[in-house]
Each structure stands twice: as C-alpha cells, then as structure tokens.
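The values are calculated or read from the model by the stated rules, or taken from the named source; none is laboratory data. Computed from a predicted structure; not experimentally measured. FYI the Cβ positions are ideal-geometry reconstructions off the backbone, even for glycines, and counts take in every protein chain you see.
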Amino acid sequence: MIITDQTRQGRRRAARITAAVLGIITLFAVGFALRPDPTSYHQLPEGAVYCGAEHTRGGQLVNEGHTFGKSSLRSDTQARSGRYACFLPASGQTEYGFNYQLDNPAPGTAYLASVWRLKNAYNAGVLAVQTEGEAPTYQQENIAIDSDDKGWEKLEIRFFIPYGKKTDKLNIYVYGGGAAEVYFDDFLIEQLSAGGESFQPEVLNLRIKKEAMEVLRRKREQALQAGILESGSNDWVEAELEGDSSGPMKVDIRLKGDWLDHLRGDKWSFRVKMKEAYAWRRMRSFSLHTPVARYYLHEWLLHQLWEQEDVLTTRYDFIELRLNGESLGIYAYEEHFDKQAVEFRQRREGPILKFSEDGHWKAIRRQLTQQGFLSPAAEHAALDWENAPVEAFQETDYQPGTPLYDAYQEGIALMEQFRSGQVRPEEAFDILRMARYYAICDVLHAYHGIAWHNQRFYYNPVTGKLEPFGFDGFGEKPEGQYTILGHGALNPQSFASESFFAALFMDPGFTQAYIRELYRLSSREYLSPRLDSLSPGWGARLAFLQMEFPEYQARLEDFLAQSLYVHSLILPFGQYSLQAYGDPARGAERRLRLENRHNLPLAVVGYGLGKQSMGHPLDSALILPAQMPREYWLRLQRDHLMRNFGQSRFLYEKALLAQAPPLFQELEVSANAEYVFYRVLGNDSLFSSPVVKRAPPPPLTDAQALRRRAGLKPGGPYRIEGRNVVFPAGEYRLAEDLVIPNGYLVVLQPGAVLDLSSGAHFISFSPVQAYGTEEQPVKIVSNSSKANGFTVMQTEEPSVMQYVVFEGLNRLKEGNWELTGAVTFYEADAQLYRCVFRKNQSEDGLNIIRSEFELSHCLFTDTPSDAFDSDFSKGTVDNCRFTRTGNDGMDFSGSVVHITDCYLEENGDKGVSVGEESDVTFFNSSIRKANIAVASKDLSLLFIRGLDMEDCQQGFVAFQKKPEFGGGKIIVESYTAKNIKRLHAISEGSMLQLGEEEVEEGRGIR
C-alpha cells in the first residue's frame, strides 16, 4: 500500500514537472517568435523599422508589429544575418520583395532607407521609394554604396517629405526584374533626426524709393554694356528692410556681383549694410543673391562641412525676398566679411584680408571693351596674384592709432612673406585649417572659390597666423571631376605660377597635412553620418528651392559617391605606382633610380629582402614628387567612355601644358635589397615595389669618351663670333667628328651644306639655329653608307630649324653607344619648320627624347623604319607628311602629343603608333595604304577626331605589348573608312570607343 501511494505521488509529481517544462518551452517558443530579429540591428535608433525575414504571421513577413510583404518569398538558402533572407526568383517577370507602407507621413521628415543585396553580376535588384499625394515622387537605386566580407552589398536612399504638398502614402520596397535571382536581407527604414535645426524660411521685405531704384537701374545698364559690374563708393542708396522677426530697419544697399548672372531679369543681387544699431540675424552686412549664382544647395552643404570642421565660413541660407511689396522669389543670403562674421565663429576680432581684385577686373573690362570677349591666353600683369596689393575689408578701421592697426600690419606682412617665398606655408597659415579648407573643396568639387581673387584670410591675433575664410565655392554646376587639387604636388612642372594654391602644393608640410585630411574627410566613415545629420535640413531647403527651381534635383547620395571617388584616388597600387630601377650590386651597395608614377607624392621609408618585411628603414624618408596628371586617362578611369566630346575640345591644350616626362631620384641601398617600401605622403598605409635590375655601367662609356672630345679647333669649317659658332653658306665635308660643347649657339646660315659622307659625327651640346630659305635651304647630307647622324643633346635653349634638308644620314654609332635616329634631339627642345627628312637609313628618321617640340609643314619620306619617333616628350605635329616608311609613320612612347592636319601614306606597319603611357590627340588627318592605320598599346590613350582611312589592312588596333603595362585605349569622335579590311582589333584589357559606343573587347591580335 505504501508502495502504491508512493507510486501515485511520483506520477503526480512527474506530471507536474512535465507540465511545467512544457509551459516553459511554450513560453520560450512564443517569446522566440515575438523577439526582434537576432542581427546586428538589434539596437536600432528610436522609430526605426526593420525586417530580416526571420518571422512570419498570416502569410506575411513581420517584425515588431509591422508587415513587410509575402512570407512565400522567404528563403534559407542565403542569409546575411539570422537564418533567412528575401528571395526573388528569375521568373521572367517583375518580382516584389520587402515592402513597407506608411500613411500620411509628416511633412518635413527625412528618412534613410537601406537594404543589403547579395552581389550578382548584373546589379539586379532595386531599392525604391514612392510617395502618393498632391506631388507624387519616385526614387530608385541599384548601385551599392558599401559591401561586407560575406558577399553582400548595401543599397541606400535618402528622401524627404516636403512641406506644402500633402503626402498620403509612403511606399518603400525592393524588386527584381525577373532576369536573375536576387537575395535581399536587413531591410531598414530610419527617420533622420533634425539635430535641433528647423528650417523656416523667412520673408524679407526690401523697400526702396523711386529715386534710389533709378540709381540702381542706371548702374545695372552700365554693367550690361561693360560686361561686368564694377562697384564704387557712390553706388550705395538708402532703403528699408523688414523681416518676419524684426521691425523696419534702415539700410544702405547697392548692386552686388562681378558677372552679369547677378543682374538677370528682375532678380538682381544686392549688398546690404545695416545702419545705426540695427542687425538682422546678428549680421551687420550681408548679400542677397539668386541661389543659381552659388548653384543652389551645393553652396549651403559646403558651408556646413566647413563649419563642422571649424574652418571659418560665412553664414549662408535661403529666404523669400520682396521688393516694394512684390515677391522676387527665393534668394540666398550670405554674410559679408566683418567682425560679426569672425566673432560668430568664436574667434577674436581681427582683420580679414585679401589680394585686391581691382586690377583683375580692370583687365577683364579692358578685354571686353577692346575685343568683345575674354581670351584664356591673355597675359596682363593685373591678372596675376603676384601683382595684386594686399588689402583689408573695412580698411578704415585699421588706421595708425586704432586698436587693431598692429594686427593689420602683421597680417599683411604674412601674406607678403608667403607670396615672395620668404616663409613656408606653416609659418604664415594655420596649416591644419588650410588643409581642411582645400580638402573639403575636393570632396564636394567646389573649386570656384580657390581662384586667388576669391580667397579671403582672417588674421588671428592670438595665434599670429592666417586662417582661410571659405565662401563662394560654386559659380555654376560643377563639371565631372577627374583629378584633385593635390595631383602633381611637389612637381615643379605641375602648377601655373599664377595659381595661389600652387605655392602651397610645392611645400611638403602643407601637402602632407592636405593628404591626411583629404583621406579622412573623403572617407565613408566621415561623410556618411554627416550627410545623415544634414539630411533633414537639406530636404527642407530642397523642397523650398524646388518651388521656384524644380530643375535642381541634387541628391546627398551623389555627394557621397563623389567623395568615395576622390578617396579612391589617394592610395597607390604597390609596384605599379613606384618603379625602382637598380643596377646589380657593386660591393655592399646598390644605387636605385626611383620614379613616382602616382599622382600624389610618395615617401620612400625603407627597403628589404621580401615584400612583406621592411628590414632596413631609412633614417629620413625620401620624398618623390607626384607624377603629372594625365588628363585624358583620368577621364576614362572615371567615366569609362568619353561621354561629352564638346567638353574635350581643348583638353589637349591642358594636357600639353600639364603633362611632362617623369622625374627620377636616386637612393643608395644595400646590395641585397629586393623591395622598396613607401607610403603616400600624409598616410600611414605601407606599400612595396620590387627592384628591377639593370646591367652595371663600364668605367668609361663610349658616350663619355666621345663627350671628352668636345671642343672647337682652329681651322674648322666654321668661324667663332663670340659665343656663336657660325657655318656660312658653302659646302663642308666633315672628315672627323665634330662635337660642339655647351655654352655656344650654332648658326647654320642659308646655303650651308654639311656633308657627313666620311663617317663623321655631328654632335652639339649647344642649341642649333638653321634658318634656310626655300631658295637656299640648309642641307645636312651624306651619299655614303659610312654616314653617321646629326645629334643635339641637353641644351638649355631650344633649337630652331627651318628649310633644312636631312638626307642620306644614318644613326650615331660610337663603339657600344648607339642611337636610333638619323636626327636626334635629347633633352633639347626643338622647333622644326618646313624641314625634309629623306632617304635616311636609321631606325628612326627623327628621334626626339625627353624634350618639347613643334613640327610644322615637315616632310618625312623614304625611311626604312619609323619616320618620327618621340620618346618621353611632348609637343605638336602640324601639317606634316609621312610617306613610304618601312615601319611606322609616327611612333610615340611615354609622350604627350597633339597632331593636326597630317597626311600619312604607304606606312609599312602603323600610320600612328602610341605606346608606354602616351596621351596623343590626332585631329583632321588622313592615312592611306598602311598595314595598321592607328594603334594604342601599354596604358596609352589615343583620341581621334576627323580621321580619314583608306586602303589599310586594319583600322583601329588596341593591345598590351609589355607585361609591366596594361591595355591601350582609343577614343574616336569621328572618322571615315574606305576599303579597310578589318576595322578594329581590340585585345582583352584594351578598349575602343567609336562615337558614343564601346566596341566589344577580346578580338585579339596575333
């Protein structure tokens, strides 16, 4: 009985335990089903809505009381977080996935919608936002802005619910076109905080009496006739200003602006000065102008970023302006440069300085008055910042005896010292704020304000240094961005002398600070959260501006994409950005020649045996100046195709001006060094490049031996007149080598003939002037196979030759020293007009190396190999003929050349060959009977306009020849082709653009 009772009690106890356990499991299951998704999104901002496809109810995807579409689209095949994702099949029709709907969203609210998509080859899968109501809108995005290491990428859209037009519904969803499978996960909608900032546009009433309006009208008429507005002290008139938050205030006003965009129609721009004790929004002087003049909200965003980085800037925002009761529409107001502008930014009062613009605008007016247009090539002293006086705003406040007179003198001294090169930038400027100022200009592509006559500086009386005062960043819609301000830094050939910021970018200290700040400010980690914080204010202002300017459709996402492109330009590419050429070891050491192929300066910090270990750090870094930017190549890197041929019309001029041969620096390393280690100046990331070995030099080269024979001897075929070596008219047969040292000028007079038939060399280390005439040309000839060449080397001044005949010559050969050109210019600039290169027997009829040149109306004919070969040079070829060549008509390596109006016929290999990172433009020319009309190889770019091809085996050929380079590119704006057997052959990694279409690659060359 006792056993029986114990058994029953045990059973009851077991049943109670089982029921309790089942209850706990049930509660846990219910709690598990109702829990938020177990992802990285478990701590969401207040009000955020999220779905990770983890929970379903009633056939719907659900999370925390919200529904997100059909549960049938849930899949466990792929997931970024949790166990499930949203799957859209390749059904052949549009498929919709995650979606969320909100009724009656509040006006003035900014949102950020995002979703993660599994990467696919077609960028299939779209995030979309649609509003319904009085002013329906639609946005979509399929280009990712971020990715993770699991193969997922992030899509984002920022959007704003505008004021004034009722929005009934907000729909946020993803969809696929049905052509490919798409997976989505982590669907998130956040309401962005306004950060305490609420934009409420004020109505500003400006009342001007009839007489004063007539003064302004007359001034406007004068400006329209002159082409610019020049303001003076007599232009001010009295007026009254009244805002929503203030009563009537007495002011003085005048017309404002330099160019006529400030005076179009009835929407004139004004400068306003408050009278007596009045202030509007704590400002005593400010400007009112159309938002178009600063490109709408672009300028506002620029000011916000400067402000967040504590770079001085003017207050800038938008109002409605009414003139004598009649609305002029939306205006921007911009604070002027007075002490309130400084004190509002928490600085002590100090002078605000600038280089005077008066001379600049007088020179502009003279051009407009005398010739009716502005010439980009105009060279007036008044247009240069070196000649502009330094002056202060409110100059009368800084007279002798005034409290800030000493500060005024100090500020002017700093500006003059910097301009004259007496001090480094860091001694004159707050270098960190200068770096931030220019870096933010790069991030937003805001370059209008960096012109010297738009620069403003505050002298800080506490630090004793100048700070930049940012304003006027945009004069119009910015063009596509392909370079940054620091490209070419520390390279003396990179910047025009009239550029103020050029003096900064030739300084290592400033350049280092600039690159460091640019890397930080252009990063996603920096800019994305700041754009989020500015999104409510941006959206409110955008809605306000679009009431008058609906064509302005800028998006914050575009600024982020622009910034990330800038960020991508900063870091180099290992061995491709630095070339280290080294002879085999000599004892315990080896000498390297280093070439920076990156567009920013590099700091070589050490060397080592392996690419992962820098065993020998340098005591101090070796700074390599940046490579010159390649204008055409950088455009293709960004755009892939040349989209707007109109914008490229004069790009060749910029390329010829800006690009130059590479610079080399030497470094002594130990004999076992195999890798060089380096950083971008101002960045800590470490890169390596292998050492490329070259043969050791002999004790005395044949070239050195020949140079030692340089000298002028009595009784030679010339006369010496001071520093001139003159060859009068007559024939001179050179029986021995003629080597002219530097320091002279060689003059070949009309009718002079140099005969090299006996095998003599003509080598000059001084420039040559040969002024033949059509009736009496200068001739340099040979009728013997013993002929040598005509060579000009390393001259300080250019050689100029006209009506000169080079005929029957061969290459220079002296022992192991051998050149390839019958006529050679090495590091010797040359200008050749109406010269003839005929029946020369060398590899190149004319070879120009590391020089600048001009060829005009020259004839190249009957050459067994290349007619003209340019290596690492830049120049122009105009109206020249290249006929009957055994190899190429023109061959370019590492060169920047502009070719126009040339004729090529019977070229045995290529009409024009472009290689080894050359940039060549080829305009309005013809090629007949060539094997290949044009070819681009090895990271070169050939831009063609107006090319006629006839009777050629192949037309356009692009390929990679050398393994250390990449493919070639050809851009063809216009051409004709007649009897071309094969129009194009494009190898893998190369590209050809015909018109606006890209030709498919992979058509290889054997």
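Among the listed residues E964, E916, E905, which satisfies the condition of being among the charged types (D, E, K, R), free of Cβ contacts under 8 Å to residues at least 12 places away in the same chain and surrounded by fewer than 20 Cβ atoms within 10 Å (Cβ to Cβ)?
Values: E916 fails: free of Cβ contacts under 8 Å to residues at least 12 places away in the same chain; E905 fails: free of Cβ contacts under 8 Å to residues at least 12 places away in the same chain.
None of the other options fit; the residue is E964.
Evaluate the stretch 842-856: report whether one residue or more is at pLDDT below 90, buried (at least 17 other Cβ atoms within 10 Å of the Cβ) and closer than 25 Å to E731 by Cα.
Yes, some residue in the stretch 842-856 is at pLDDT below 90, buried (at least 17 other Cβ atoms within 10 Å of the Cβ) and closer than 25 Å to E731 by Cα.
When the stretch 791-800 is examined, which residues are found to be modelled with pLDDT under 90 and crowded, with 17+ Cβ neighbours inside 10 Å?
We begin by selecting, within the stretch 791-800, every residue modelled with pLDDT under 90; these are 791, 793-796.
Hits for the stretch 791-800 are T791, M793, T795.
What are the residues in the stretch 768-787 that are out of contact with any Pro (no Cβ under 6 Å at 6 or more places or on another chain), modelled with pLDDT of 90 or more and assigned to a loop (DSSP other than H, G, I, E, B), if any?
E774, E775, P777
Take the residues of the stretch 600-626 that are assigned to a loop (DSSP other than H, G, I, E, B) and within 32 Å of the chain's Cα centre (by Cα): which is surrounded by the fewest Cβ atoms within 10 Å (Cβ to Cβ)?
Result: Q612.
Are there strands (runs of 3 or more DSSP E) fully within the stretch 829-929 with at least 2 residues that are within 22 Å of G946 (Cα to Cα) and of a type in the set (A, V, I, L, M)? List them.
Ranges flagged: 896-900, 910-915, 919-928.
Any chance you could count how many residues in the stretch 221-233 are touching a Lys or Arg at 6+ places or on another chain (Cβ under 9 Å) and outside any loop (DSSP other than H, G, I, E, B)?
1
Looking only at helices (runs of 4 or more DSSP H) that lie completely in the stretch 388-477, which have at least 2 residues being among the β-branched types (V, I, T)?
It comes to 431-444.
Going by the conditions given, is E498 at pLDDT below 90, within 18 Å of the chain's Cα centre (by Cα) and surrounded by fewer than 21 Cβ atoms within 10 Å (Cβ to Cβ)?
On the way: at pLDDT below 90: yes; within 18 Å of the chain's Cα centre (by Cα): no; surrounded by fewer than 21 Cβ atoms within 10 Å (Cβ to Cβ): yes.
Against the criterion (at pLDDT below 90, within 18 Å of the chain's Cα centre (by Cα) and surrounded by fewer than 21 Cβ atoms within 10 Å (Cβ to Cβ)), E498 does not qualify.
For the stretch 278-293, what are the residues that are hydrophobic (A, V, I, L, M, F, W, C) and surrounded by fewer than 15 Cβ atoms within 10 Å (Cβ to Cβ)?
A279, the sole residue that qualifies.
With respect to the numbered conditions (1) surrounded by 20 or more Cβ atoms within 10 Å (Cβ to Cβ); (2) without any contact (Cβ under 8 Å) to a residue 60 or more places away in the chain, which one is the sole condition not fulfilled by H298?
Against the list (1) surrounded by 20 or more Cβ atoms within 10 Å (Cβ to Cβ); (2) without any contact (Cβ under 8 Å) to a residue 60 or more places away in the chain, H298 comes up short only on (2).
Please go through the stretch 414-430 and give me each residue that is over 22 Å from D338 (Cβ atoms) and of a type in the set (A, V, I, L, M, F, W, C), ordered by number.
If the condition is that a residue be over 22 Å from D338 (Cβ atoms) and of a type in the set (A, V, I, L, M, F, W, C), then F418, V423, A428 are the ones that fit.
Do any strands (runs of 3 or more DSSP E) lying entirely in the stretch 137-199 carry at least 1 residues that are among the β-branched types (V, I, T) and without any contact (Cβ under 8 Å) to a residue 60 or more places away in the chain, and which ones are they? Full working, then the answer.
Details: elements: 137-141, 152-160, 167-176, 182-192.
Because the criterion is at least 1 residues that are among the β-branched types (V, I, T) and without any contact (Cβ under 8 Å) to a residue 60 or more places away in the chain, the strands (runs of 3 or more DSSP E) in the stretch 137-199 that meet it are 137-141.
For the stretch 886-919, which positions are of a type in the set (V, I, T) and over 20 Å from T820 (Cβ atoms)?
Residues satisfying the conditions are V896, I899, T900.
Of the conditions (1) crowded, with 16+ Cβ neighbours inside 10 Å; (2) in a strand (DSSP E or B); (3) not basic (K, R), D951 clears all except one; give me its number.
Status for D951: all satisfied but (1).
What is the one condition in (1) more than 27 Å from the chain's Cα centre (by Cα); (2) part of a loop (DSSP other than H, G, I, E, B); (3) under 30 Å from L663 (Cβ atoms) that V823 does not satisfy?
V823 satisfies every listed condition except (2).
Go through (1) part of a strand (DSSP E or B); (2) outside the structural domain of E181 (by TED's automatic domain parsing) one by one and return the number of the condition Q43 breaks.
Result: Q43 passes all but (1).
Any chance you could count how many residues in the stretch 558-596 are closer than 27 Å to R524 by Cα, touching a Phe, Trp or Tyr at 6+ places or on another chain (Cβ under 6 Å) and at pLDDT below 90?
Selection size over the stretch 558-596: 1.
How about the stretch 549-572: which of its residues are free of Cβ contacts under 8 Å to residues at least 40 places away in the same chain and either under 21 Å from E517 (Cα atoms) or in a helix (DSSP H, G or I) (or both)?
Within the stretch 549-572, D558, S568 qualify.
Scan the stretch 979-991 and give yes if some residue there is of a type outside the set (A, V, I, L, M, F, W, C), crowded, with 20+ Cβ neighbours inside 10 Å and under 21 Å from H898 (Cβ atoms), otherwise no.
There is no residue in the stretch 979-991 that is of a type outside the set (A, V, I, L, M, F, W, C), crowded, with 20+ Cβ neighbours inside 10 Å and under 21 Å from H898 (Cβ atoms).
Collect the residues in the stretch 221-234 that are free of Cβ contacts under 8 Å to residues at least 60 places away in the same chain and surrounded by 15 or more Cβ atoms within 10 Å (Cβ to Cβ), keeping them in residue-number order. Walk me through how you get there before you give the answer.
Quick first cut of the stretch 221-234, residues free of Cβ contacts under 8 Å to residues at least 60 places away in the same chain only: 221-225, 229, 231-234.
Hits for the stretch 221-234 are A223, L229, S231.
Write out, first by first residue and then by second, each pair whose Cβ atoms fall under 7 Å of each other, whose residues are 6+ apart or on separate chains, and whose first residue, in the stretch 440-453, is at negative phi and of a type in the set (G, A, S) while the second is in a loop (DSSP other than H, G, I, E, B) and at pLDDT 90 or above.
Every condition considered, the pairs that remain are A446/G473; A446/F474; G449/F471; G449/D472; G449/G473.
Mind telling me which of the residues K275, K256 ends up being of a type in the set (D, E, K, R), without any contact (Cβ under 8 Å) to a residue 40 or more places away in the chain, surrounded by fewer than 21 Cβ atoms within 10 Å (Cβ to Cβ) and over 30 Å from L531 (Cβ atoms)?
After ruling out the rest, the residue left standing is K275.
Scan the stretch 114-130 and report the pairs whose first residue is within 14 Å of S147 (Cβ to Cβ) and touching a residue at least 40 places away in the same chain (Cβ under 8 Å) and whose second residue is aliphatic (A, V, I, L, M) and not in a strand (DSSP E or B), with Cβ atoms within less than 8 Å and a gap of 6+ or a chain change.
Partner pairs satisfying both residue conditions: R117/A144; N120/A180.
Condition check: loosely packed, with under 14 Cβ neighbours inside 10 Å, assigned to a loop (DSSP other than H, G, I, E, B) and modelled with pLDDT under 90. Does P38 satisfy that?
Answer is yes for this residue.
Restricting attention to the stretch 837-844, does a residue exist that is touching a strand residue (DSSP E or B) at 6+ places or on another chain (Cβ under 9 Å) and closer than 16 Å to G911 by Cβ?
yes
Tell me which residues, restricted to the stretch 849-881, are over 21 Å from G908 (Cβ atoms) and of a type in the set (V, I, T).
I849, T876
Here is a list: L904, L846. Which entry is assigned by TED's automatic domain parsing to the domain that holds I927 and touching a Phe, Trp or Tyr at 6+ places or on another chain (Cβ under 7 Å)?
L904
On the given criteria, is D755 under 18 Å from V792 (Cα atoms), modelled with pLDDT under 90, of a type in the set (D, E, K, R) and in contact with a helix residue (DSSP H, G or I) (Cβ under 9 Å, 6 or more places away or on another chain)?
Criteria not met by D755.
Just to check your reading of the model, which residue among L155, L188 is out of contact with any Asp or Glu (no Cβ under 8 Å at 6 or more places or on another chain) and not aromatic (F, W, Y)?
None of the other options fit; the residue is L188.
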